[in-house]
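FYI, it's all coordinate maths here, none of it is from the lab. Everything numeric in this text was worked out from a predicted model, so none of it was measured. All Cβ positions, even for glycine, are placed from backbone atoms using ideal geometry, and neighbour counts span all protein chains on display.
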Amino acid sequence: IRNGEALVSKACIAIRSANRWVLSGTIVHNRIADIQPILAFLGVEPLDEPSIFKQTIASRSTIGNATQATIIRLCLSTLALRRTKEATLRNLLPSRKIYNVTLAMEPTQERIYSHLFAAASAILFDNDHETRSSLFLGLLMRLRQAACSPALLPKETLELAESFQERPNIPEETLSKLLRKLEEIEDTDAVECAVCLDEPTSDDLAILGTCQHSFCIPCLTRIPRTGRNLCPLCRAPFQKKHILTRKDLVPVSKP
């Protein structure tokens, strides 16, 4: 119960009961008006009425003055049973013990988390600083949800994790060499795909992690559908996970 206009708060206040209790660690979050919905739930008249509470306590004329503090102190002193962390209930509480327990993820959960982490990393590295800042907290929340249970993830996030192609287990040194190779190809005057003979942009260019030949992404992604995963130039076999773009080659450190 925090926002008096929220449906949850209104539903709680509408409950019929003989006795009511509120357990709270912080009754004031941002402003003194946060107390009013709690008083309304407890049925503290006349402060259960928002208009009276605002006029008496939360108006601009009363904020910060001694009258406001006195009213709040008198009101809460008759209602609240305050306990601090120093209170030990007559020394009957046992000493606190902290255990750090590491839990292993289930295979499906670990796969979804790994794919989601790789997708989130690619999104962050592929955007500018301002966009990364706005995306970071949202992506972090999704990763935390995946760590608890994939069932907490929205459908579109699960689809993103499932569709993202996990980067093969390639040493960082090899990734750096592939990135330099791709950059050398991009720096040439005319970059031509050996399959379609078009000149792909840097965003449409991919390199095979097996033989280091480069082609445009549309041509490379069509090859596995034929069932013959062979490089068009050297006929070396490859898998879909070996098709690497610039963002796939950016080193990513897993937390």
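Where does the Debye-calculated log10 I(q)/I(0) of the range 172-249 sit at q = 0.11, 0.13, 0.23, 0.24 Å⁻¹, using only Cα point scatterers of equal weight, no solvent?
With no solvent term, the Cα-only Debye profile gives -0.24, -0.34, -1.09, -1.18.
Can you tell me the order of 18-27, 136-145, 34-43, 72-81 when each peptide is scored by its average per-residue count of other Cβ atoms within 10 angstrom, highest first?
Per-residue mean Cβ counts within 10 Å order the peptides as 34-43, 136-145, 72-81, 18-27.
If r is the Cβ-Cβ distance from Glu183 to Val101 and R0 is 41 Å, what FRET efficiency results, to the nearest 0.05? Mind dumping the intermediate values first?
Numbers: r = 45 Å, r/R0 = 1.10.
Result of the calculation: an efficiency of 0.35.
Would you list Leu249, Leu220 from fewest to most Cβ contacts within 10 Å?
Leu249, Leu220
By count of other Cβ within 10 Å, fewest leading, how are Ser121, Ser95, Ser59, Ser51 ordered?
Final ranking by Cβ density, sparse to dense: Ser95, Ser51, Ser59, Ser121.
For the range 7-79, what's the radius of gyration and Dmax over Cα atoms, in angstrom?
Expressed in Å, the Cα Rg and Dmax of the range 7-79 come to 12.4, 36.
Kindly state, to the nearest 0.05, the FRET efficiency for Asn30 paired with Arg144, given R0 = 25 Å and r defined as their beta-carbon distance.
Numbers: r = 24 Å, r/R0 = 0.96.
The value I calculate is 0.55.
Lysines within cross-link reach of Lys247: Cα-Cα under 30 Å, excluding same-chain residues under 8 positions apart?
Lys155, Lys177, Lys181
By counting other Cβ atoms within 10 Å of each Cβ, how are His242, His213 ranked from fewest to most? Let's see the in-between values first.
Numbers: His242 21, His213 18.
Ascending Cβ contact count within 10 Å gives the list His213, His242.
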